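The values are calculated or read from the model by the stated rules, or taken from the named source; none is laboratory data. Everything numeric here is computed off the predicted structure, so don't read it as measured data. Using ideal geometry, Cβ is built from the backbone for each residue, glycine included, and neighbour counts are taken over all protein chains shown.
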Amino acid sequence: MRQLDRFIPPAVQAAHREPKRYRDQIEPTGQLHPETFTVNQRWESDQRTCDVRVIMPDGSLGRPDLTAWIDWRTRRCVSWHVDATGNTDTINTSLHMALIDEANIGGVPEIIWLDNGRDYKGITFAGSKPSRKVDDADVPRWRGMYAMLGIELHLALPRGPRGKARIERWFKTKGEQLDAFLPGYCGNEPKNRPESLAKKEKTRDGLMTLDEYRRHVAAWIAQYNDSDDHGKTDLVDDGRKLSPNEAYRRWCDSQRQLANEQALKYLLLRWGKPLTVGKNGVRIEVDGQSYYYGATCCVFILER
């Protein structure tokens, strides 16, 4: 062990033995210049479980998930969606809202920088390579959503928050400025969990519904986008601080169009992998319930 400690630098040892501590305390970091990306050139997106317990539509208690998209240069939230669970459908919904929102005057972003989670790497977005010759009807399935929209896709490094630092900081700000002051706040870690929460969960006295929480999130995001009360030095123009909304409007000097306007409709559909035909036909799963088609009917092809 003394020989290993002598010849292997401590940073290398930590990288292999304690990767989390290496990433948080030792790994070299670099800061991008504010002008690296222009307004609306790069969007970042991620999903985060909110630090609030609410009453879900089915009557159960749970923590909703927030899916958000922000413009990297101005930190402006261009779209968001709150639901009981974050998944590919919430990503589709929030992206569709961003692309049709007239307030996003820059149009379609050139680059999107996404979390490396399973939902963001699904066949809907990243596509899949065709294993056979495909016809026109199969093209959307293997090209993926982003290629159809004319957007360049980048995935952040797995288990590394610095790859999308701005939206991580945005989620933290939202938790500190909104969630911490709402009934049902459960803290971002066990040691911050209020002692009174257990009683509230038992009686449900004062807890919000999911729709009520959505309204709070909408009001906070609107206030955040319009606020110039911040310490961000890269949102200063002629010596005056700009709000994310004002910076976006002032500095956005171009508008990108969709590569294929018809591609928007695919965002409203639920994509899936090709199905395998078994003895019971094909099986599809919707909201945890399995359905079978083709088990009781057959098609015969007669050849001469």
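Residue 134 fails exactly one of the following numbered conditions: (1) among the hydrophobic types (A, V, I, L, M, F, W, C); (2) surrounded by fewer than 19 Cβ atoms within 10 Å (Cβ to Cβ); (3) modelled with pLDDT of 85 or more; (4) out of contact with any strand residue (DSSP E or B) (no Cβ under 8 Å at 6 or more places or on another chain). What is the number of that condition?
Status for residue 134: all satisfied but (3).
Please specify each residue of the stretch 184-208 satisfying the condition of being touching a residue at least 40 places away in the same chain (Cβ under 8 Å) and closer than 11 Å to residue 52 by Cα.
Residues satisfying the conditions are 184, 185, 186, 187, 188, 197, 207, 208.
Yes/no per residue for (1) within 20 Å of residue 146 (Cβ to Cβ); (2) in the same structural domain as residue 172 (by TED's automatic domain parsing):
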site: 2; (1), (2): no, no
site: 10; (1), (2): no, no
site: 33; (1), (2): no, no
site: 50; (1), (2): no, yes
site: 71; (1), (2): yes, yes
site: 74; (1), (2): no, yes
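Residue under question is residue 110, and the condition is that it be assigned by TED's automatic domain parsing to the domain that holds residue 145, free of Cβ contacts under 8 Å to residues at least 12 places away in the same chain and over 20 Å from residue 169 (Cα atoms); does it hold?
Details: assigned by TED's automatic domain parsing to the domain that holds residue 145: yes; free of Cβ contacts under 8 Å to residues at least 12 places away in the same chain: no; over 20 Å from residue 169 (Cα atoms): yes.
Criteria not met by residue 110.
Within the set of pairs 6+ apart or on separate chains, which have a first residue in the stretch 17-45 that is under 22 Å from residue 153 (Cα atoms) and in contact (Cβ under 8 Å) with a residue 12 or more places away in the chain, a second that is of a type in the set (Gly, Ala, Ser) and crowded, with 18+ Cβ neighbours inside 10 Å, and C-beta atoms under 6 Å apart?
Here the result reads 40/106, each pair linking the stretch 17-45 to a residue that is of a type in the set (Gly, Ala, Ser) and crowded, with 18+ Cβ neighbours inside 10 Å.
Could you check the stretch 227-263 and list, in sequence order, the residues that are surrounded by fewer than 12 Cβ atoms within 10 Å (Cβ to Cβ) and within 24 Å of the chain's Cα centre (by Cα)?
Passing the criteria: 255, 257, 261, 262.
Can you tell me which of 83, 71, 58 is farther than 25 Å from residue 39 by Cα, surrounded by 18 or more Cβ atoms within 10 Å (Cβ to Cβ) and either among the aliphatic types (A, V, I, L, M) or modelled with pLDDT of 90 or more (or both)?
Working: 71 fails: farther than 25 Å from residue 39 by Cα; 58 fails: surrounded by 18 or more Cβ atoms within 10 Å (Cβ to Cβ).
From the options 83, 71, 58, the qualifying one is 83.
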